[in-house]
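The values are calculated or read from the model by the stated rules, or taken from the named source; none is laboratory data. The model shown is predicted, which means the values in this text are computed figures rather than measured ones. Using ideal geometry, Cβ is built from the backbone for each residue, glycine included, and neighbour counts are taken over all protein chains shown. To get the accessible areas, we keep the full protein, side chains included, count just its heavy atoms, and leave off ligands, DNA and RNA. Shrake-Rupley method; radii C 1.70, N 1.55, O 1.52, S 1.80 Å.
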Amino acid sequence: MTLRIGAEEEFHVLDVESGRLVPRARAVLDRLDGPGFTSELQQSVVESNSGVHDTLDALHADLTASRRRLDAAASSLGLASVAAGTVPLARVSSGRVTAGRRYRHMADEYRRVADEQLICSAQVHVDVPDRDTAVRAMCLVSPWLPPLLALSASSPFWLGADTGYASWRTMVWQRWPTAGPAGHYTDAADYDAALQELIRSGVISDTGMAYHDVRPSAHQRTLELRICDACPRVETVVLVAGLFRALVHDACDRLARGDGPRCDGHHEWLRAATWRAARSGLEDPLVDPVARRAAPARVVLHGMAARLRPALEASGDRETVRGLLAEALARGSAAHRLRRAAEEEDLLAGVDLMVAETRGAPVPRAAAPAGTPRVRRAGPVADGAGT
């Protein structure tokens, strides 16, 4: 059985002259015809929603086409779109939330946490037979989510400074009251009761604010991956989608056979493993999900692919995932590439790189395709000033 997949991508909107984050998502959305794009909490973010697909090739084609449409709309306004966890040049301001009652409530309730939501993620949806299976599968897939975060890590800079992390987006995101590991629930009723308890407590206002690393979709029969940074290269999104589909396929098979490992409910180590992945990316050790000890990222990810081989073969994804994984490990994380560009030149060179990769440039920054506009320096950038 092939489980269908889909993805949601979030994009920062930048001024092409300065490379700085700007609250102009609405103007970009007004230039986009048809469905597939929407707004987010911050006025500087555009969200793209793919169709539902059987193959990774079809998902790749869909995401690539959406990015082209978004780039054309942004470029016509002197703007650029960037898929990354954070962008180097931004400034925190209150009052920059998108219009709407829900977003206004979030801004009023969460204050600085909402103000600093200058981050973007990539989410992947995979079909599941039913909601009970989705809830039970969360425990089986959760140990393997930190390596997927490491693959996606693309946010080393925050407000003009190098954080020392590969995914600073993760550190910003974890301040929401429901962010982090999903926890253990016996079935959908148990999970839904826990969400209603949170809503009654007043900590969150609706089920859409269950910001766990993985969750059953409230509106679709899918399991949703939420741990990843937005990814400059569309191939990284496809790789993560292939691995996550294999994790869900494997979990569903184990649950159907009744031979899956039981979840002990102890997820303290998972939060630590997520921190490690956010700090390391692909360049430093991760926590091996089996041994729960430090191991090189390459070893952890190759071990993950080997463990998932039957599920990857069942979906017809094995060769694609193997090739994309080899390429990802050879290139290093987006965080590493961005940091290297900034060290060799400056932060705007890093922005140039992220813009080019989001547009699909298949070559290194030093040899960007002819005709690819570069953001131009518009005064000092060392202070990290933005919108």
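Okay, here's what the table says:
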{"item": "Candidates R104, R67, filtered to the one that is in contact with a strand residue (DSSP E or B) (Cβ under 7 Å, 6 or more places away or on another chain) and of a type in the set (K, R)", "result": "R104"}
{"item": "Residue list for segment 193-222, filter: in contact with a Ser or Thr (Cβ under 8 Å, 6 or more places away or on another chain), without any contact (Cβ under 8 Å) to a residue 12 or more places away in the chain and within 14 Å of H125 (Cβ to Cβ)", "result": "A218"}
{"item": "Qualifying residue in segment 199-211 (condition: part of a loop (DSSP other than H, G, I, E, B) and within 25 Å of R91 (Cα to Cα))", "result": "yes"}
{"item": "Residue list for segment 85-117, filter: assigned to a loop (DSSP other than H, G, I, E, B), in contact with a Phe, Trp or Tyr (Cβ under 9 Å, 6 or more places away or on another chain) and among the hydrophobic types (A, V, I, L, M, F, W, C)", "result": "V87, L89, A90"}
{"item": "Filtered residues of segment 307-333 (kept if part of a helix (DSSP H, G or I) and surrounded by 17 or more Cβ atoms within 10 Å (Cβ to Cβ))", "result": "A311, L312, A314, R318, T320, V321, L324, L325, A328"}
{"item": "Residue list for segment 85-95, restricted to those being open to solvent by 80 Å² or more (accessible area, probe 1.4 Å) and touching a residue at least 60 places away in the same chain (Cβ under 8 Å)", "result": "R91"}
{"item": "Residue pairs meeting the criteria (Cβ under 6 Å; at least 6 apart or on separate chains; first charged (D, E, K, R), in segment 223-251; second in a helix (DSSP H, G or I) and open to solvent by less than 10 Å² (accessible area, probe 1.4 Å))", "result": "D229/S152; D229/R169; D250/A311"}
{"item": "Those residues of segment 152-173 which are open to solvent by 10 Å² or more (accessible area, probe 1.4 Å) and out of contact with any helix residue (DSSP H, G or I) (no Cβ under 8 Å at 6 or more places or on another chain), in sequence order", "result": "L159, A161, W173"}
{"item": "Members of segment 334-355 found to be basic (K, R) and either within 15 Å of T236 (Cβ to Cβ) or open to solvent by less than 60 Å² (accessible area, probe 1.4 Å) (or both), listed by number", "result": "R337, R339"}
{"item": "Tally, over segment 40-52, of residues that are crowded, with 18+ Cβ neighbours inside 10 Å and farther than 19 Å from V351 by Cα", "result": "7"}
{"item": "Failed condition for A256, given (1) of a type outside the set (K, R); (2) assigned to a helix (DSSP H, G or I); (3) out of contact with any Lys or Arg (no Cβ under 8 Å at 6 or more places or on another chain); (4) modelled with pLDDT of 95 or more", "result": "(4)"}
